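The values are calculated or read from the model by the stated rules, or taken from the named source; none is laboratory data. All values derive from a computational prediction rather than experimental measurement. Heads up, the Cβs are rebuilt from the backbone with ideal geometry, glycines too, and the neighbour counts pull from every protein chain shown. We work out accessible area using only protein heavy atoms, side chains counted, and drop any ligands, DNA or RNA first. Shrake-Rupley method; radii C 1.70, N 1.55, O 1.52, S 1.80 Å.
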Amino acid sequence: QVQLVESGGGLVQPGGSLRLSCVASGFTFSSYAMTWYRQAPGKERELVAHISSGGSTIYAVSVKGRFTISRDNAKNTVLLQMNSLKPEDTAVYYCRNPNLDSWGQGTQVTVSS
């Protein structure tokens, strides 16, 4: 059974940093691309970052240069380092395996002073 469990969300001031983690199980993690999405209140879910099985990355324009996606295949974990956070980054962040179409439960990130 595929499982994705996110953690690391919280409340942070503008300009601050957070690191999100997603631990995967139920599939051969190293063989799959992984993605982070987010959904703000009243808005559609949007792609934030993507990392291929080989480590190539793609970012949304709104986060490029501030967020970094990475993976640790030994720990079945995909990470999202978020720096220079802005209030508009406030959202629930979800981990996803795009090939298996599996989603985590999400972790709330709130950027506010």
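Computing FRET efficiency as 1/(1 + (r/R0)^6) for S52 and Q108, where r is the C-beta to C-beta distance and R0 is 25 Å, gives about 0.35.
Per residue, the chain exposes 51 Å² of solvent-accessible protein surface, assessed with a 1.4 angstrom probe and all protein chains in place. The distance between label points at E44 and L11 comes to 3.2 nm (points 7 Å beyond Cα on the Cα→Cβ vector).
By definition, a body whose alpha carbon gyration tensor gives a ≥ b ≥ c is prolate when a/c is 1.5 or more and a/b is larger than b/c, and segment 52-113 fits this prolate description. Its Kirkwood hydrodynamic radius, worked out from the mean inverse distance over all distinct Cα pairs, puts the chain at 13.9 Å. What stretch of the chain, leaving out the sites themselves, is the longest with no trypsin sites (Lys or Arg not before Pro) in a DSSP loop having at most 13 other Cβ atoms within 10 Å? It works out to 65-113. Diffusion coefficient (Stokes-Einstein, Kirkwood radius over C-alpha pairs, 4 °C, 1.567 mPa s) for segment 5-56: 98 µm²/s, rounded to a whole number.
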